[in-house]
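Shown next, in structure tokens, is the structure this report addresses.
The values are calculated or read from the model by the stated rules, or taken from the named source; none is laboratory data. For clarity, every value in this text was computed on a predicted model and none was experimentally measured. Here Cβ is always computed from backbone atoms with ideal geometry, including for glycine, and neighbour counts include all displayed protein chains. Just the protein is used for accessible areas: all its heavy atoms, side chains included, with ligands, DNA and RNA removed. Shrake-Rupley method; radii C 1.70, N 1.55, O 1.52, S 1.80 Å.
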Amino acid sequence: MDLHTIDSVEMPRTRADLAGLCATDGVMAGGTWLMSEPQLHLRRIIDLSAMDWPALTITEAGLEIAATCSISTLLAATYPPEWAAVGVFRQAAQALLASFKIWQNATIGGNICLGFPAGAMISMASALDAELLVWKADGTDLRCSTNEFVTGIARTILRPGDVLRSIRLPAAALRQPATLRKIAMSPLGRSGAVVIGRATPTGIVVSVTAATDVPYVIATDSDDPADVVAQVYSSIPAHAYYSDPHGEAGWRRQVTGVLTRAVVVELTGSGRMEGGRS
Ligand SMILES: Cc1cc2nc3c(=O)[nH]c(=O)nc-3n(C[C@H](O)[C@H](O)[C@H](O)COP(=O)(O)OP(=O)(O)OC[C@H]3O[C@@H](n4cnc5c(N)ncnc54)[C@H](O)[C@@H]3O)c2cc1C
């Protein structure tokens, strides 16, 4: 789409080049959303591609993902074999309505910064205990969890001039088996609910997105499907489930329980003990 209110495009190369950004500056990563609809409040595009941040950095501490890392780069990389959770990267990418062609340009940071409930990179990051690094417009750094970053439907803590720099996934979470379940009203539809489970030594950590206005991460102390579902239900307030054309709040709440049970059964194999009902 031609953005006819844009007067100039800047290509910052350093953090100093990002100083002085304001509300009429549109930070652009892959541009797949930014260029997809009118942006009447913007006068300038700030294209992050020249920042040249290393897309992925693997250390003993975990994985640092540059905000500008594309979804396809995340999927194509080779990770330490003991990182059992990395299968969730592909499951999360497939939970997006976007096709594999969009994966080439769409970035992890761009998806998170939109703050959409169906932002599957938000689901992935919240489930894997991510720490987000924000370069604030005033020159300071802010580190926060995904849950602290997303404050509502399409709302985040970002203020004009703030830039999401990276997403850090700790090795401890990456080593734990994880799996994702998604449901949508139609086979290729936008997600109505996304649930990711991660098996820890003390129970199952469950992340719920798409069904709720903000991500919920519930660290349960059980690996029994019924217990985990009960803990998830008691941790998410009824008002958190929302209605839109992709699903009604009551349906979202019900399917959250169904998907939670399914991830726990997959992670623990407990379906067999229940007579194969799952
Ligand atoms: C066909 C199609 C299907 C889609 N399906 C889904 C879907 O199912 N679920 C979903 O959530 N989204 C979906 N999207 C939107 C999707 O989230 C984005 O297209 C993509 O993930 C955004 O990444 P991007 O790098 O292109 O971001 P951009 O379009 O460049 O930016 C998106 C927003 O984030 C801001 N931003 C980007 N990077 C930063 C940064 N580092 N710091 C600060 N602000 C930043 C931009 O200013 C802009 O407001 C879809 C898009 C398309 C085209």
Residues of segment 143-164 being away from the ligand (no atom under 12 Å from the Cβ) and closer than 26 Å to R15 by Cα, in sequence order, are R143, C144, S145, T146, N147, E148, T151
Tally time: how many residues in segment 223-239 are part of a loop (DSSP other than H, G, I, E, B) and among the β-branched types (V, I, T)?
-> 1
Matching residues in segment 39-78 - criterion: being within 13 Å of the ligand (Cβ to nearest atom) and either in contact with a helix residue (DSSP H, G or I) (Cβ under 6 Å, 6 or more places away or on another chain) or open to solvent by 40 Å² or more (accessible area, probe 1.4 Å) (or both) = H41, R44, S49, A55, I65, A67, T68, C69, I71, S72, T73, L74
Among the candidates L169, L133, L128, which residue alone is over 21 Å from T256 (Cβ atoms) and more than 15 Å from the ligand (Cβ to nearest atom)?
-> L169
Which listed residue, of T78, T57, T73, is in a strand (DSSP E or B), farther than 18 Å from M11 by Cβ and either in contact (Cβ under 8 Å) with a residue 60 or more places away in the chain or assigned by TED's automatic domain parsing to the domain that holds E131 (or both) = T57
How many residues are within 11 Å of the ligand (Cβ to nearest atom) and of a type in the set (K, R) if we restrict to segment 85-96?
-> 0
Sort out which residues of segment 90-115 are within 16 Å of S191 (Cα to Cα) and either touching a strand residue (DSSP E or B) at 6+ places or on another chain (Cβ under 9 Å) or in a helix (DSSP H, G or I) (or both), and write them in order of number.
-> R90, Q91, A92, A93, Q94, A95, L96, L97, N111, I112, L114, G115
Sort out which residues of segment 200-236 are farther than 23 Å from G115 by Cα, crowded, with 22+ Cβ neighbours inside 10 Å and in contact (Cβ under 8 Å) with a residue 24 or more places away in the chain, and write them in order of number.
-> I204, P225, V228
Test for G20: is it out of contact with any Gly (no Cβ under 6 Å at 6 or more places or on another chain), modelled with pLDDT of 95 or more and either in the same structural domain as K136 (by TED's automatic domain parsing) or not in a loop (DSSP other than H, G, I, E, B) (or both) | no
Residue check, D7 closer than 14 Å to R165 by Cα and loosely packed, with under 14 Cβ neighbours inside 10 Å = no
For the subset of segment 97-113 comprising residues that are near the ligand (Cβ under 6 Å from one of its atoms) and open to solvent by less than 40 Å² (accessible area, probe 1.4 Å), which member is nearest to Y242 (Cα to Cα)?
-> N111
